[in-house]
Each structure stands twice: as structure tokens, then as C-alpha cells.
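Rule-based calculations on the coordinates, nothing more; no lab input. Please read all numbers here as calculations on a predicted model, not as lab measurements. When we count neighbours, we look across all protein chains shown, and the Cβ atoms used for this are built from the backbone with ideal geometry, even at glycine.
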Amino acid sequence: QVQLVASGGGSVQAGGALRLSCAASGRTFSSYATGWFRQPPGKAREFVAAISWGDSRAVYVDSVKGRFTISRYDAENTVTLQMNSLKPEDTAVYYCAIAETIATLTEGVIFGSWGQGTQVTVSS
């Protein structure tokens, strides 16, 4: 059973930056798509970014394009999310996930459970 632990969250002012990391146990990231979701207060969980295995093709939700960068380090079994120019609307609990493909990941069809997220709070 895969276990994912996200870390690196915190409280920043608008315009600031944070770098989230995700470590996996029980299943290697290799051969699978990895990505990030977030759940704002009182709202449903939503897709943020994903990166494929092999060619490391990345996709992002429109609201974070140009500000967030997803990267993967298969040798270390980790994936990161560099978040720049943060906005108050980025405030959420962020979760990492792995899936068969980017397509299934963006639909929320992931391996295992959502695991432990990390809180990101952006103040105006």
C-alpha cells in the first residue's frame, strides 16, 4: 500500500514562495504520473499539477500556470511543487498523489489514499 507524505507548507504573505515536497513509501514513483491537489477551506479538492514519468511532461490548472513548477526526482522517490507569487486564493491543504497516467491523476483516480497533506496559508 502506497503512503504519501507532503511537507513544506506554511504561512506566507501574498507574493511569497513555498516549496512543497512529497515522499512516497510502499511504491516507487517510477513508471507512474505524480501530482498535486489542494483543498481550499470549505471547498472540494481540486487538481493543481501533474508530471508524467519518462518525458516529465507537466500540466497545470490554469490558475497556477506561470507561478507553480512541478518536478520529480525518481532516484529519491520524491516530487516537489515550487510555488511562487502566491496569492490568498492559493490557501489550501495540499496533497500529493500518484496514478497510472496524467489523465487518470487529473480525474482523481489515484493509487492508495490521499494521505497526509500540508497546509499552505497565504495572507493578503
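Each residue in the range 35-46 was checked for being within 10 Å of the chain's Cα centre (by Cα) and free of Cβ contacts under 8 Å to residues at least 24 places away in the same chain, and 0 of them qualify. Within the range 47-83, count every residue that is under 22 Å from ALA14 (Cα atoms) and either surrounded by 15 or more Cβ atoms within 10 Å (Cβ to Cβ) or in contact (Cβ under 8 Å) with a residue 40 or more places away in the chain (or both). Within the range 47-83, residues that are under 22 Å from ALA14 (Cα atoms) and either surrounded by 15 or more Cβ atoms within 10 Å (Cβ to Cβ) or in contact (Cβ under 8 Å) with a residue 40 or more places away in the chain (or both) number 14.
Of the residues in the range 90-103, not one is on the phi > 0 side of the Ramachandran plot, in a loop (DSSP other than H, G, I, E, B) and of a type in the set (Ser, Thr, Tyr).
No other residue among GLY35, GLY16 is assigned to a loop (DSSP other than H, G, I, E, B) and of a type outside the set (Val, Ile, Thr) apart from GLY16.
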